[in-house]
1. For residues in the stretch 349-371 being closer than 11 Å to Leu333 by Cα and among the small types (Gly, Ala, Ser), which is surrounded by the most Cβ atoms within 10 Å (Cβ to Cβ)?
2. Take the stretch 182-234 and flag every residue that is closer than 18 Å to Arg136 by Cα and assigned to a helix (DSSP H, G or I).
3. Take the residues in the stretch 65-89 that are open to solvent by 60 Å² or more (accessible area, probe 1.4 Å) and out of contact with any Pro (no Cβ under 9 Å at 6 or more places or on another chain), then tell me which one is nearest to Pro134 (Cα to Cα).
4. Counting only residues that are open to solvent by less than 30 Å² (accessible area, probe 1.4 Å) and either in contact with a His (Cβ under 9 Å, 6 or more places away or on another chain) or among the aromatic types (Phe, Trp, Tyr) (or both), how many does the stretch 324-348 have?
5. Before we move on, is Val344 farther than 21 Å from Ser299 by Cβ, outside any loop (DSSP other than H, G, I, E, B) and at pLDDT below 95?
6. When you go through Asp269, Asp219 one by one, which is the residue that is modelled with pLDDT of 90 or more and out of contact with any strand residue (DSSP E or B) (no Cβ under 7 Å at 6 or more places or on another chain)?
7. Looking only at residues that are hydrophobic (A, V, I, L, M, F, W, C) and under 14 Å from Leu277 (Cα atoms) in the stretch 294-323, which one is most open to solvent (accessible area, probe 1.4 Å)?
8. Just one of Glu152, Glu131, Glu127 is open to solvent by 60 Å² or more (accessible area, probe 1.4 Å), in a helix (DSSP H, G or I) and closer than 23 Å to Ala87 by Cα; which is it?
Amino acid sequence: MDMWDFVDPDEASSAPQSPSPASASASASDNATAPLEPFPLLQLPPELVINIVNLADSRKDWDDWPSGVSSHFLALSETNSFFRDLARPRIWHSLHYQSLRRDRVRPSEYRRRRGLRALAAIIDEAEQRGEQLPLRLLSVTHPAGDSTLSEEDADAEKSAFVHLVKKLLQGGLKVLWLKSVVLHGREGDELIESIARAPELTALRLNQVSAGNKQLFKDLPTMSKLKTLQVMHGEKSLVNFVKLSLNLECILLWPSNRQFGKLMPFIIDQLGTLRFLSLDAVNEPSCFHSITEELKRRSEANEPIVLEEIFLEGHLLSRDRTFLIESLSAAPLKRLALYHVRIVTPLLIAQIADSIPGLEGLTLVQGDTSHAVRWHTPLNEYVDELVKLKNLKHFAYDRRSVVAPNVPNLAEAIEFVEDQKNLEFKALSTIGQACQSLRTAVAITLDVSQGAMGYFATFSQREGKRVHVDLKKMTVQDFLISFSRWCVM
């Protein structure tokens, strides 16, 4: 088995076509052709060959996880041992595994070769040959396999998953992203313990993971190398990883029980190194007060504050929010997101512009993100304050231009949706024309975990004039929390 076992023919792009053969004769009457002479690639200086290999490894832009190598690059790696050795570190540097969707009809043998047992076998076989695959970033979604597997096969996939993760963590894995993982009993405890004891782990995301228990964390060691910790939903005890961490630069906590009180002292202790902070559905105003007071204390004591991005969701009195925004003036903040603001006013934007004039990204959500809401002030009054943010490149908001009426029939409903789209596009255009530094603007209509649906506008300059490059309704994943920024390794 090799890496080709994990290439889905539906996802692999077709191979490039060979050039047409050169004419064998200059005579117009002679139709005979000869194949092109092969280019002596391996006769080039080694540094040029390496550069060519680097160029061949072209990948798509990514938000949530590094994209894999192309089928062309995999083909190059199979040419000979020289290219295989050059390509192997790139092929195996990162790997994303996700169970096949149920709607994809595949033979059982194909599914077996795409399972975690097959991947674990590849790792074990390499180890038996005295090799260690240079896998440093691993993402696994739903390791139990698709719903067509038997209970026995699903259990076998889970066991292979635990075996694989434990071995890779002990072998130097640096980034581990897990989603939709449910492990009970011994296997769950083994997974959590192996994560805590991983010698080189620097970034961890646990999204909808249920494993381990609260008592287990009492006996686990501290994690001095961990820089990124993201816990999203799942088993509530997993937020205790923040208590084991000493030098975090990125914290994202969206716990299922929405309780932060006992965690705040540990989060506050990290503010000297923390660059990215995201707290979701904070129901305790005292948590925001703790952040405000610590930022003020550090500023007065000339202690380091390195916060670049902060994403806070929760209710605050307008006075307390003002104090929080003022305290952020001591940080080199680039992006700010405030959710559940209740009432977004032009004064709020004015306070932000006054305290954080260098802000590059701003997201303001007045409602509960289930739908867009009506803001209480005309658009031009918000725009008058937004233009004061001279470096603003991204602005997102949940303002709805008009309130949806009760429409009696489908035809009128369709007509209203079209009118609504035109109004939102007009609002985005107004914002883009006024804020000359702006590159993207989003009128959010629905926000979900790691993604948002809405009206997206992209702006650019052409010949000194403002133009629209793209303006459409779409769903974009991670326009706030992207892998490239929020995974500090």
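1. Gly361
2. Leu191, Ser194, Ile195, Ala196
3. Among them, the one singled out is Asp85.
4. Matching residues across the stretch 324-348 total 4.
5. No.
6. From the options Asp269, Asp219, the qualifying one is Asp269.
7. Val306
8. The match here is Glu127.
The values are calculated or read from the model by the stated rules, or taken from the named source; none is laboratory data. The structure presented is a predicted model; accordingly, all values stated were derived computationally and were not measured. Reconstructed Cβ throughout: ideal geometry from the backbone, glycine too, with neighbour counts over all protein chains shown. Side chains are part of the model used for accessible areas, which takes the heavy atoms of the whole protein and leaves out ligands, DNA and RNA. Shrake-Rupley method; radii C 1.70, N 1.55, O 1.52, S 1.80 Å.
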